[in-house]
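Colleague: Can you read through this structure? Questions will come right after.
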Amino acid sequence: MNVITFFNHAGGVGKSSSVRDVGFTLSTLGFRVLLIDADPQANLTDWLGVRTTDRDGQPRDIELEDTLYPAVLGDDDSELALPQPVRVHGMDLIPGHLDVATIEPLLPGQLMGVLRLKDALKPLADRYDFVLIDPPPSLGQLSALAVIAADYVVVPVPASGKGLKGLQTVNVMLSRFRKANPSLKLAMILVTQYNDTTNHSRESLAQLHAQFGRLGPVSTPLTYRPALYPDSQLHGSPLPEFARRNPVTAEILTVTQQLLTALGLPLEAPSPQKAPAPQKAGARKANGAGRAMPKAAKHD
């Protein structure tokens, strides 16, 4: 199981949409994918069309118990576990919720609190090929929780001067996170919001390669598409599903394959695999979930 956190402290860099679209593309390649929305804004959840969950066949609003909260700050430390996920667009999802923000002030007071998500993922090693985590755009406890839980980090960076400046801070923070997670690796710098019709975007991409290419692989850029991304979000659909014949789908596939190559993995799952069968989702077209996952043997 490969745990990957998409991390950038700056907002509006294409982080949540990248988690959604790369996760979906991995699932179409046959991999078993779990997405974790660790952002109180819950954009990933919203942009997958998840609005409600099902409890005993009855739809209800997403609650704090449906999020990662029970795995981090449950009532009983011996029972810390992720809840049953929502099944949506061929992936499993631990949804986000505004009240996930309550983790921020409480986590520092918990013994080994920042390691709890990492520990909660260990029993799932035989269930998923990939876990993709979407933390908030911040340098707070939720981001630390998400990055320290990861094996790899993908850094979404817009092809702009602002993106280059922000990447410097990200690099410093990754060095600090490695003190708690020494095996943490930078899997890829994911270039987003690229506009090849402007000199600024082209020059920013060249500078990104020149200044930061030594840190890790730099992806081919995802083109700035001001209409498609908002439309797919409104429809609660991954972009490769929403615009299957658009060139953006090929771009996302290329980036996903570059990520697999960077991780030394095959470009598609070796054999057909089935994810666990949680409750059906019930948002615009999908949603579901509520109870804790059954415990499985831990895998180191």
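The values are calculated or read from the model by the stated rules, or taken from the named source; none is laboratory data. What you see is a predicted model; the values in this text were computed from it and never measured. FYI the Cβ positions are ideal-geometry reconstructions off the backbone, even for glycines, and counts take in every protein chain you see. These area figures cover heavy atoms from the full protein model, side chains too; ligands, DNA and RNA do not enter into them. Shrake-Rupley method; radii C 1.70, N 1.55, O 1.52, S 1.80 Å.
Colleague: When you go through (1) on the phi < 0 side of the Ramachandran plot; (2) modelled with pLDDT under 90; (3) surrounded by fewer than 17 Cβ atoms within 10 Å (Cβ to Cβ) one by one for Val170, which number turns out not to apply?
Modeller: (3)
Colleague: Considering only helices (runs of 4 or more DSSP H) fully contained in region 22-132, which possess at least 2 residues that are of a type in the set (D, E, K, R) and over 17 Å from the mean Cα position of the chain (by Cα)? It would help to see each step written out before you state the result.
Modeller: Details: elements: 43-47, 69-73, 103-106, 116-121.
Answer list for region 22-132: 116-121.
Colleague: Checking the condition touching a residue at least 24 places away in the same chain (Cβ under 8 Å) and among the basic types (Lys, Arg), which residue from Lys179, Lys185, Lys165 passes?
Modeller: That would be Lys185, the only listed residue that is touching a residue at least 24 places away in the same chain (Cβ under 8 Å) and among the basic types (Lys, Arg).
Colleague: For region 203-218, which positions are in contact (Cβ under 8 Å) with a residue 40 or more places away in the chain and either open to solvent by 70 Å² or more (accessible area, probe 1.4 Å) or of a type outside the set (A, V, I, L, M, F, W, C) (or both)?
Modeller: Pass one, region 203-218, residues in contact (Cβ under 8 Å) with a residue 40 or more places away in the chain: 204-205, 207-208, 211-212, 215-217.
Residues satisfying the conditions are Ser204, Gln207, Gln211, Gly216, Pro217.
Colleague: Return the residues of region 152-162 that are crowded, with 18+ Cβ neighbours inside 10 Å and in contact (Cβ under 8 Å) with a residue 60 or more places away in the chain; say none if nothing qualifies. Spell out the reasoning first.
Modeller: Going residue by residue through region 152-162, those that are crowded, with 18+ Cβ neighbours inside 10 Å are 152-160.
Answer for region 152-162, where residues must be crowded, with 18+ Cβ neighbours inside 10 Å and in contact (Cβ under 8 Å) with a residue 60 or more places away in the chain: Tyr152, Val153, Val154, Val155, Pro156, Val157, Pro158, Ala159.
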